[in-house]
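Single-structure report; data block below.
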Amino acid sequence: MIVTQAYRFALDPTPRQVGALLRHAGAARVAYNWALTRVKANLSQREAERSYGVEDLTPSFGWSMYSLRKAWNQAKAEAAPWWAECSKEAYATGLEQLATGLRNWSDSRNGRRKGRPTGFPRFKSKHKAVKSCRFTTGAIRLDGRTHVVLPVLCRIKTHESTRKLARRVENGTARIKSATVRLDAGRWYVSFSVEVERPDVTPRRPDAVVGVDLGVKTLAVFSDGRPPAVNPKHYDHARKKLRRLSRTVSRRAGPDHRTGAQPSKRWLRANEQRNKVHHRIADLRRDSIHKLTTDLAREYGTIVVEDLNVAGMVKNRRLARTVSDAGFGEIRRQLSYKTVWNGGRLEVADRWFPSSKTCSHCQAVKPKLPLRVRTFSCEQCGLVIDRDENAARNLASLVKHHVAGSGPETRNGRGADRKTGPGPAGGREASTSHRPSKPDQTRTFAQQWANP
């Protein structure tokens, strides 16, 4: 199995190398802003000509990476006389970012892009823009276990050992495709995009099916009796320290966008200390989620999770902070590729599947189950069980019903011959139609199971 994987290492550049890194990041920003200026000027000119009734409009300015790079090479001597001081990849980074932004905006307007509407690209500020640069050609390699080599930047020392990637490169099971340098939390990092040849493996329990119910009080509850994963709540534990640092920042002379006043040195130092706490919270959250998802992917052959509406959940002001701190979307994203790496599979239950309201023993469905009720009590069979554990069992049984038997399954998890139709918003799980919006839209796993 050949997959594309990223390896990220912290750098320890010299002061001269820091200046070179900043120049490359600035060159990417300059190329981006220059190309955006040309695009907006061309659009404004054509719009003005249409308003005056001109038939022969000014030729449109190409938005593709090839067109932008061709125009930049013709004008770089005038737009950036110092262009030879930086690698050509720096300017290609900015142009590629603009080409991607314009394509996303166009696809969003024409309905070819899912998700929220994408706005038109904006100019990048010197002080606010992320400082990064991507290298795709030239000398990109590891030098021993403590150094990396990048075009023009040459040999840079790393803060940590690169042996994990170096061993794969030496054995011929990995090939470096590109490298990206980025300033993050006051430290420079290099991320290698690597084509890795991974061995074909199987989970420790390839036939085991586990349902994973994600929650706020408990991060994950499992259907097979496995001890639940406790929600570490990294942000809540750091709120006291963040309040103190935020008060310190508010007492300093910060930037004023109305008058153009620049922040003081003391404000910058205080804001840097506060940002370090935020970055540490993100690192701790990422580490805990990686450990959880890796363990699940290596243990079970099939993992079932719910299709949670995280974007809608964070709109609740009482749950937004806790839901964001839990990282539900990141858990599903990591499980999606880690199950493939470990020879398993990930199944996603339909968003409207009533996993919490359904009895895991007799499949009876409750009309209502408020979120404050943490124990599920079935009036039909008398089952009393934790709400989250009951939901996890229903998720696991969803797959077991689907794969059981030699013929296709015709009955859903509630014992009905078809999926229950929508009802009033207060008396059912939801009142939204279950039919896909387009005939060729890919059905979720629960829909395939309910209507094979």
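The values are calculated or read from the model by the stated rules, or taken from the named source; none is laboratory data. Nothing here was measured: the structure is a model prediction, and the numbers come from that model. Virtual Cβ from ideal backbone geometry, glycine too; neighbours counted across all protein chains shown. Accessible surface is based on the protein model in full, side chains and every heavy atom, while ligands, DNA and RNA are left aside. Shrake-Rupley method; radii C 1.70, N 1.55, O 1.52, S 1.80 Å.
What the table shows:
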{"quantity": "Within the stretch 279-302, tally of residues that are open to solvent by less than 80 Å² (accessible area, probe 1.4 Å), farther than 26 Å from residue 200 by Cα and in contact with a helix residue (DSSP H, G or I) (Cβ under 8 Å, 6 or more places away or on another chain)", "calculated": "3"}
{"quantity": "Per-region count, the stretch 324-361, residues under 21 Å from residue 393 (Cα atoms), of a type outside the set (Asp, Glu) and in a loop (DSSP other than H, G, I, E, B)", "calculated": "11"}
{"quantity": "Selected residue [open to solvent by 20 Å² or more (accessible area, probe 1.4 Å), basic (Lys, Arg), over 20 Å from residue 339 (Cα atoms) and not in a strand (DSSP E or B)] from 168, 226, 182, 175", "calculated": "168"}
{"quantity": "Residue among 359, 381 that is more than 21 Å from residue 308 (Cβ to Cβ) and open to solvent by less than 20 Å² (accessible area, probe 1.4 Å)", "calculated": "359"}
{"quantity": "Single condition residue 66 does not satisfy, out of (1) aromatic (Phe, Trp, Tyr); (2) in a loop (DSSP other than H, G, I, E, B); (3) open to solvent by 40 Å² or more (accessible area, probe 1.4 Å)", "calculated": "(2)"}
{"quantity": "Subset of the stretch 16-59 [in contact (Cβ under 8 Å) with a residue 12 or more places away in the chain and among the aromatic types (Phe, Trp, Tyr)]", "calculated": "32, 34"}
{"quantity": "Residue among 268, 296, 284 that is under 24 Å from residue 398 (Cα atoms) and of a type in the set (A, V, I, L, M, F, W, C)", "calculated": "296"}
{"quantity": "Complete set of residues in the stretch 123-148 that are in contact (Cβ under 8 Å) with a residue 40 or more places away in the chain and either open to solvent by 90 Å² or more (accessible area, probe 1.4 Å) or in a strand (DSSP E or B) (or both)", "calculated": "123, 126, 132, 133, 134, 135, 148"}
{"quantity": "Which numbered condition residue 400 misses (of (1) out of contact with any helix residue (DSSP H, G or I) (no Cβ under 8 Å at 6 or more places or on another chain); (2) at pLDDT below 85; (3) part of a loop (DSSP other than H, G, I, E, B))", "calculated": "(3)"}
{"quantity": "The lone exception for residue 241 - which of (1) open to solvent by less than 90 Å² (accessible area, probe 1.4 Å); (2) more than 30 Å from residue 390 (Cβ to Cβ) it fails", "calculated": "(1)"}
{"quantity": "Flag for residue 37 being surrounded by fewer than 13 Cβ atoms within 10 Å (Cβ to Cβ) and touching an Asp or Glu at 6+ places or on another chain (Cβ under 8 Å)", "calculated": "no"}
{"quantity": "Any hit, the stretch 16-26, residues being among the charged types (D, E, K, R) and open to solvent by less than 80 Å² (accessible area, probe 1.4 Å)", "calculated": "no"}
{"quantity": "Residue 77 surrounded by fewer than 14 Cβ atoms within 10 Å (Cβ to Cβ) and in contact with a Phe, Trp or Tyr (Cβ under 8 Å, 6 or more places away or on another chain)", "calculated": "yes"}
{"quantity": "Subset of the stretch 362-373 [open to solvent by less than 80 Å² (accessible area, probe 1.4 Å) and either assigned to a strand (DSSP E or B) or in contact (Cβ under 8 Å) with a residue 60 or more places away in the chain (or both)]", "calculated": "365"}
{"quantity": "Test for residue 417: is it acidic (Asp, Glu), open to solvent by 70 Å² or more (accessible area, probe 1.4 Å), under 27 Å from the mean Cα position of the chain (by Cα) and modelled with pLDDT under 50", "calculated": "no"}
{"quantity": "Meets criteria (of a type in the set (Gly, Ala, Ser), part of a helix (DSSP H, G or I) and more than 26 Å from residue 372 (Cα to Cα)) for residue 238", "calculated": "yes"}
{"quantity": "Unique match (being over 22 Å from residue 325 (Cα atoms) and in a loop (DSSP other than H, G, I, E, B)) among 206, 199", "calculated": "199"}
{"quantity": "Qualifying residue in the stretch 83-98 (condition: free of Cβ contacts under 8 Å to residues at least 12 places away in the same chain, open to solvent by 30 Å² or more (accessible area, probe 1.4 Å) and of a type in the set (Asp, Glu))", "calculated": "no"}
{"quantity": "Count of the stretch 106-119 residues which are in a loop (DSSP other than H, G, I, E, B) and surrounded by fewer than 14 Cβ atoms within 10 Å (Cβ to Cβ)", "calculated": "8"}
{"quantity": "Options 345, 333, 351, 321: the member that is free of Cβ contacts under 8 Å to residues at least 24 places away in the same chain, open to solvent by 20 Å² or more (accessible area, probe 1.4 Å) and within 27 Å of the chain's Cα centre (by Cα)", "calculated": "333"}
